[in-house]
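These notes concern the structure reproduced below.
We did not get these values from a lab; they are worked out from the coordinates using the rules stated. Computed from a predicted structure; not experimentally measured. Because the Cβ atoms are built from the backbone with ideal geometry, glycine has one as well, and the counts that use them run over all protein chains shown.
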Amino acid sequence: MKKLVTALALLAVLASCKSKPSETHTSKDSIAAVKDWALLPFEKIDSVNPVLTAGSNSFTCPILKKQVAWESKDVFNPAVVVRNDTVFMLYRAEDTIGKYAGTSRIGLAWSTDAVHFTRLPAPVFYPDNDACKKYEWEGGCEDPRIVQDSAGTYYMTYTAYDGKIARLLVASSKNLLQWQKHGPVFAKTMNGKYKDLWGKSGSIVSEYKNGNITAVKINGKYWMYWGDTYIFAATSDDLINWQPVELPAGQSIADDSMVVALNLQQLQPVIKTRRGKFDSNIVESGPPAMLTGKGILLLYNARNVPAIGDTSLVEGTYAPSQVLLDKANPTAIIDRMDTYFMKPEKPYETTGQVNQVCFIEGLVEFKNAWWLYYGTADSKIAVAVHK
């Protein structure tokens, strides 16, 4: 009964009016003076980090038909939105019994101060006996990113992992609690050509205004950055069905073994890895991309391999950076930072399920500050703030 009361109380908050407007924070700082388009600096809040760790809650898995401690191993890689002066976090959580380092499900937590969170005892999104089971079981549902449309409906891109292929899927919700699954984002485009494409990290171009993250059209289309080798692009009319941006006929990416192995060589790369730098091995979208007066600001994650990259960073370090893209042509880079703005330093960032990881995924404007939530070592969740 206590769980039901908690859920009903939360539903009442979610069902009420839209969040109150907050002031837009526009002050700059010495770091951003070099790249005046960047959102910098961010300061880790050491006094509270990590803000979320593994929990002891359990629920009845509809597939296994038994109680599962669904967040007992790790929690990480969250999405965040603001509603009714409250930060809502949808986070990836893993159990200890799945074949693939545990099955991933998505939980919901909330905070009125952006640092102290209360969580629901059961996940709000998970593999079920539905049409998406073949994509989601038993690796699970991973790494959410959330935006809303102009009518207030939420759209969540997430990774579904069946044990062989990681696919990018989408779901929608009116209240963050009940979700409608729409399946793979590329399933209906080009006669299903990209339905089984390896894909992750769907970052939809949005306006960040009055605490809301609202998807916007550019040249009559919604745009999304995605991928975890290079970062690619896709367009949509409805935020559900997406079409990858391809290279002109006769061109292909033929010089990258990873891209070729994942059958991505016909796609137009927007952001590539760079030899000799911190982003030498992998680049991957972070929070929803932000439409600004200067262009499209994308905060992204990057993985380093010292043999081809930054020799000052430990092997496999994930450290985030920022890039500015042309809002008239979202595949064109205007400017790009030469280094990371955050790196793993704290014990909870350097040691865990995957060592040396700061993986940014949730960004929100709240109480006249910018709050950046990130997964640490694929094990915990931390926050950094820009005021």
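Values as computed for the structure displayed
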quantity: Identity of the residue in segment 295-325, surrounded by 14 or more Cβ atoms within 10 Å (Cβ to Cβ) and of a type in the set (D, E, K, R), that ends up nearest to A233 (Cα to Cα); calculated: R303
quantity: Qualifying residue in segment 118-125 (condition: free of Cβ contacts under 8 Å to residues at least 12 places away in the same chain and closer than 26 Å to N212 by Cβ); calculated: yes
quantity: Restricting segment 366-385 to residues that are of a type in the set (D, E, K, R) and under 16 Å from the mean Cα position of the chain (by Cα), the residue that is surrounded by the most Cβ atoms within 10 Å (Cβ to Cβ); calculated: K380
quantity: Residues (without any contact (Cβ under 8 Å) to a residue 24 or more places away in the chain and over 17 Å from L325 (Cβ atoms)) located in segment 209-235; calculated: G220
quantity: Selected residue (only one of A101, A79 is on the phi > 0 side of the Ramachandran plot and out of contact with any Phe, Trp or Tyr (no Cβ under 6 Å at 6 or more places or on another chain)); calculated: A101
quantity: Out of A187, A171, sole residue that is in a loop (DSSP other than H, G, I, E, B) and among the small types (G, A, S); calculated: A187
quantity: Test result for I253, out of contact with any Cys (no Cβ under 9 Å at 6 or more places or on another chain), within 19 Å of T159 (Cβ to Cβ) and part of a loop (DSSP other than H, G, I, E, B); calculated: no
quantity: Qualifying residue in segment 143-160 (condition: more than 17 Å from the chain's Cα centre (by Cα) and within 16 Å of S104 (Cβ to Cβ)); calculated: no
quantity: Filter result (closer than 20 Å to T157 by Cα and either free of Cβ contacts under 8 Å to residues at least 12 places away in the same chain or not in a strand (DSSP E or B) (or both)) within segment 279-292; calculated: G286, P287, P288, A289
quantity: In segment 293-311, the residues that are over 18 Å from N355 (Cα atoms) and either part of a strand (DSSP E or B) or basic (K, R) (or both); calculated: K294, G295, I296, L297, L298, L299, Y300
quantity: Scope segment 72-119; condition among the aliphatic types (A, V, I, L, M), farther than 16 Å from V383 by Cα and surrounded by fewer than 18 Cβ atoms within 10 Å (Cβ to Cβ); matching residues; calculated: I97, A101
quantity: Within segment 110-134, considering residues that are small (G, A, S) and not in a strand (DSSP E or B), the one farthest from K164 (Cα to Cα); calculated: A114
